[in-house]
Amino acid sequence: MIDIARTPYVISGVVKDVDGSTAVSGATVLVIDVTLGENTAGTTGTDGSFSVDIANLTSAYSDADALQVVIYNSAKTKSTEFRHTVDTGQAGYDASTIYLHWTEPVLGDATVISGVLSNKSGGALTVDLYDRDNDAKKITCDVPAGNTIPLNFLFKGVKFSGGVCIIRESDAVNSLEVQLVVK
């Protein structure tokens, strides 16, 4: 019998800066198994490459576990994210080239005053907001297709240590806008 939990399942790729060509060295790569509520991390090499094995999670991962991968530079001013579903029929997932974007808002201790989510796509999307210091998910919000949701009632007064990391369900350009006002 094969122990799936300890069978390597590697999430890999190469991280490029916002200019689209410069490799990002020393970026944090956080792989969150949303299904298990656990995470494991790594850093990018001098060529921007990374390789994080979810076999290093404390609990056993399973086929169809939902993963969120969050990548941010050492200054915590740029980040990106993507989602993946575990397929134990494969040895892992190569995300190819991943590009950083300026992090919204600029990182630092923040308390949310207000905000808005605007979904310009044809399908419902989800936004998760994580606390940057401890990688804890603070808020999840589903945004129906073509809708704009004011966040005052959901987020007002929520404190983020080290800033906010925004996880979007879709990486489609301009399909989902997240605007937060923080103090």
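Listing for the model above:
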quantity: Restricting region 126-143 to residues that are part of a strand (DSSP E or B) and basic (Lys, Arg), the residue that is modelled with the lowest pLDDT; calculated: 137
quantity: Qualifying strands (runs of 3 or more DSSP E) (wholly inside region 37-105; at least 2 residues being more than 17 Å from residue 137 (Cα to Cα) and among the polar types (S, T, N, Q)); calculated: 49-53, 92-99
quantity: Flag for residue 83 being basic (Lys, Arg) and farther than 26 Å from residue 129 by Cβ; calculated: no
quantity: Subset tally (residues that are on the phi > 0 side of the Ramachandran plot and at pLDDT 85 or above) for region 14-34; calculated: 1
quantity: First in region 5-16 and surrounded by fewer than 17 Cβ atoms within 10 Å (Cβ to Cβ), second anywhere and in a loop (DSSP other than H, G, I, E, B), Cβ under 6 Å, 6 or more apart; calculated: 5/60
quantity: Residue check, residue 14 part of a strand (DSSP E or B), among the β-branched types (Val, Ile, Thr) and more than 15 Å from the chain's Cα centre (by Cα); calculated: yes
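The values are calculated or read from the model by the stated rules, or taken from the named source; none is laboratory data. Treat the numbers as computed from the prediction; the structure is a model and nothing was measured. Glycine also receives a Cβ, built like all others from the backbone with ideal geometry; neighbour counts cover every protein chain displayed.
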